[in-house]
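Worksheet for the structure shown next.
The values are calculated or read from the model by the stated rules, or taken from the named source; none is laboratory data. Because the structure is a prediction, the values reported are computed rather than measured. Cβ: placed from backbone, ideal geometry, glycine included. Neighbour counts: every protein chain shown. The accessibility values were calculated without ligands, DNA or RNA, using every heavy atom of the protein model including side chains. Shrake-Rupley method; radii C 1.70, N 1.55, O 1.52, S 1.80 Å.
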Amino acid sequence: MNMVTRIETSRLILRAFEERDASGLLEYLSKPITNCFAPDTTTTIGDALVKIHKRQNGSDCIAVCLKDSDQLIGEIFFIKEEPDTYSIGWHFNEKFHGKGYAKESAYTFIDYLFEKLNTRRIYAYVEDYNIASQKLCERLGLRK
């Protein structure tokens, strides 16, 4: 069961994954743009449904959807590493890059971790070639 039920921003909804998200998940996992997601490559809608079910039964991933259509555009994943520390990351459909959705959702989720879960420290691992995620980390206030 996911620890986050629903968080809304002006443009986005962060919520648990649903079966109807399978085609959206397939779209961004069929051609991962960074190597760190290569092991998660998905090529069929059946495989996407299996991954949806894993995300539904886990507590480490949240769907990011457009508020006006509830269309899945990406995800934020997180791991609790100490009683007050989380590592976070994100994966977004390339069609939605450059619109500020990753920043809006990550910032909102970080705020949730600090405010609702009494988190003291948050960090992200970013591949050295993933300049876009490095810049996002900087905009989120994460230090290198």
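Remarks
- Rolling a 1.4 Å probe over the protein chains gives Glu75 an accessible area of about 10 Å².
- Its Cα centre serving as origin, the chain has a Cβ charge dipole (Lys and Arg +1, Asp and Glu -1) of approximately 300 debye.
- Altogether, the Stokes-Einstein calculation at 10 °C and 1.306 mPa s, with the Kirkwood radius of the range 63-144 over Cα pairs as Rh, returns a diffusion coefficient of 119 µm²/s.
- A full extension of the chain between Val50 and Thr85 corresponds to an added length of 9.7 nm, given 0.36 nm per residue minus the alpha carbon distance.
- Nitroxide proxy distance, nm - points 7 Å out along Cα→Cβ at Glu127 and Ser69: 2.7
- Furthest towards positive pole of dipole, Leu136, Gly24, Thr43, structure part the chain, Cβ charges: Leu136
- Loop-located trypsin sites (Lys or Arg not before Pro) across the range 54-103 with a Cβ neighbour count of 15 or fewer within 10 Å are Lys67, Lys99, with loop assigned by DSSP.
- Just so you know, the Rg over Rh for the chain is 0.93, from Cα atoms, with Rh as the Kirkwood radius.
- Per-residue accessible area (protein heavy atoms, 1.4 Å probe) orders Thr108, Thr44, Thr5 as Thr5, Thr44, Thr108, starting from the largest.
- For Lys31, the lysines whose Cα comes closer than 21 Å to its Cα, not counting residues fewer than 8 places off in the same chain, are Lys51, Lys54, Lys95, Lys99.
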